[in-house]
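In what follows, a structure is listed as structure tokens, so that the remarks can point back to it.
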Amino acid sequence: MNHFLEVKSLSKETIEHLIQTALGFKNKGVYPDYSAYSVANLFYENSTRTRVSFELAAKKLNMTLINIDLDRSSESKGEVIEDTLGTLSVMFINIFVLRHQEEGLPYKLVENLCSTAHLVNAGDGCHAHPSQALLDMMTILENKPDITQQKIAVLGDIKHSRVARSFQVIAEKLGVGELVFIAPEVWQPQSFSYGEVTQSLESGLKDADVVMCLRVQKERLAEEEHMNLKTYQDQYMLTPTRLQLAKPDAIVLHPGPMNRNVEIEASVADGEQSRILEQVKNGVYARMAIFEGVLE
Ligand code: CP
């Protein structure tokens, strides 16, 4: 695994190996030493958990970590991103962690990257968020080891969600028993290769083992895609009553950041069934495994 660009390009065995490695880091607390390597975080879109967890992952592995301040970089003077990466490469940066609004940009960039550099996609537009998919699946497997027997419901703005897109691929690769995407028509995807899509909250949530809520991404909506938030809350917000449609031991996930009381009622987000903060914690270990994976 030279780069980590999207789940599609990983084999089932590689995904399982990355998750087992992440669980090993978490459960044993013993980490390898990668002090000979350097990582640069380049976040062209805002982030809290992904940026910080990649930073902590690098530090736990004893790597040198540079957070590039893009507001003060030479891109403000016209330098193109390819030259920024090339410049940093010759200053011995081995891994670039990139979040960018342009879909597919990581694929273009790796074509010109020097052979010793590795690119990790930390989210490209609405396209992919593979490290999120890895930590989501890690969290599910910790709680529900036999995923071939599980029903997973993903609820919210599926159309614009890179989290949903990457999750769909990892679910297919690992053979999730039943995958259902629940969304109002305006936020349903044009095409999805695995799982079913429904407008019906009732049938979608019924007997689910895992319920993943997604953020309402106001910043990504075209004018005709805007939906009255009150209508969305009334029809789709995950409330304690609606959660009762799922199995009694169902777990609740959310990739964050959350809009409390928009897509998920605060009492559900903070409730007993929530694993949202566990997802955040697992993100550090999943990203350590990704660093190891690209350097191996
Ligand atoms: N889940 C996620 O990508 O969160 P951030 O935008 O805070 O990194």
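The values are calculated or read from the model by the stated rules, or taken from the named source; none is laboratory data. What you see is a predicted model, and the numbers here were worked out from it, not measured in a lab. For neighbour counting, all protein chains shown are included, and Cβ atoms are generated from backbone atoms with ideal geometry for every residue, glycine included. All accessible areas refer to the heavy atoms of the entire protein, side chains included, with ligands and DNA or RNA removed. Shrake-Rupley method; radii C 1.70, N 1.55, O 1.52, S 1.80 Å.
Details
- Considering residues of the stretch 1-30 that are assigned to a helix (DSSP H, G or I) and among the polar types (S, T, N, Q) only, the residue surrounded by the most Cβ atoms within 10 Å (Cβ to Cβ): THR21
- Any hit, the stretch 75-96, residues being in contact with a strand residue (DSSP E or B) (Cβ under 6 Å, 6 or more places away or on another chain), within 16 Å of the ligand (Cβ to nearest atom) and over 20 Å from THR14 (Cβ atoms): no
- Any hit, the stretch 140-162, residues being under 23 Å from LEU105 (Cβ atoms), among the aliphatic types (A, V, I, L, M) and at pLDDT below 95: yes
- Residue match in the stretch 180-196 (condition: closer than 15 Å to HIS160 by Cβ, at pLDDT 95 or above and of a type in the set (Gly, Ala, Ser)): yes
- Among the conditions (1) within 23 Å of the chain's Cα centre (by Cα); (2) more than 16 Å from the ligand (Cβ to nearest atom); (3) modelled with pLDDT of 95 or more; (4) charged (D, E, K, R), ASP69 misses just one, which is (3).
- Number of the condition not met by LEU113 [criteria: (1) touching a strand residue (DSSP E or B) at 6+ places or on another chain (Cβ under 8 Å); (2) open to solvent by less than 20 Å² (accessible area, probe 1.4 Å)]: (2)
- Residue match in the stretch 237-253 (condition: more than 15 Å from ALA164 (Cβ to Cβ), surrounded by 14 or more Cβ atoms within 10 Å (Cβ to Cβ) and within 16 Å of the ligand (Cβ to nearest atom)): yes
- Those residues of the stretch 148-159 which are in a loop (DSSP other than H, G, I, E, B), touching a helix residue (DSSP H, G or I) at 6+ places or on another chain (Cβ under 6 Å) and open to solvent by less than 10 Å² (accessible area, probe 1.4 Å), in sequence order: ASP157, ILE158
- Residue check for THR84: more than 20 Å from ALA133 (Cβ to Cβ) and either open to solvent by less than 50 Å² (accessible area, probe 1.4 Å) or in contact with a Cys (Cβ under 8 Å, 6 or more places away or on another chain) (or both): yes
- Of all the criteria given as (1) more than 30 Å from THR21 (Cβ to Cβ); (2) assigned to a helix (DSSP H, G or I), the one not satisfied by LYS281 is (1).
- Any hit, the stretch 12-23, residues being among the β-branched types (Val, Ile, Thr) and over 20 Å from ASP136 (Cα atoms): no
- ALA164 satisfies every condition listed in (1) open to solvent by 50 Å² or more (accessible area, probe 1.4 Å); (2) closer than 21 Å to GLY256 by Cβ except (1).
- Restricting the first member to the stretch 45-59 and to residues that are in contact (Cβ under 8 Å) with a residue 24 or more places away in the chain, and the second to residues that are near the ligand (Cβ under 6 Å from one of its atoms) and open to solvent by less than 30 Å² (accessible area, probe 1.4 Å), the beta-carbon pairs closer than 6 Å and six or more apart or on different chains are ARG49/GLY256.
- Restricting LEU214, LEU155, LEU179 to those that are touching a residue at least 24 places away in the same chain (Cβ under 8 Å) and under 18 Å from VAL7 (Cα atoms) reduces the list to LEU179.
- Counted residues, the stretch 31-58 - those being surrounded by fewer than 21 Cβ atoms within 10 Å (Cβ to Cβ) and touching a Gly at 6+ places or on another chain (Cβ under 8 Å): 4
Yes or no, residue by residue, for (1) hydroxyl-bearing (Ser, Thr, Tyr); (2) closer than 30 Å to TYR34 by Cβ:
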{"position": "LYS230", "(1), (2)": "no, no"}
{"position": "ARG242", "(1), (2)": "no, no"}
{"position": "HIS254", "(1), (2)": "no, no"}
{"position": "PRO257", "(1), (2)": "no, yes"}
{"position": "VAL262", "(1), (2)": "no, no"}
{"position": "SER267", "(1), (2)": "yes, no"}
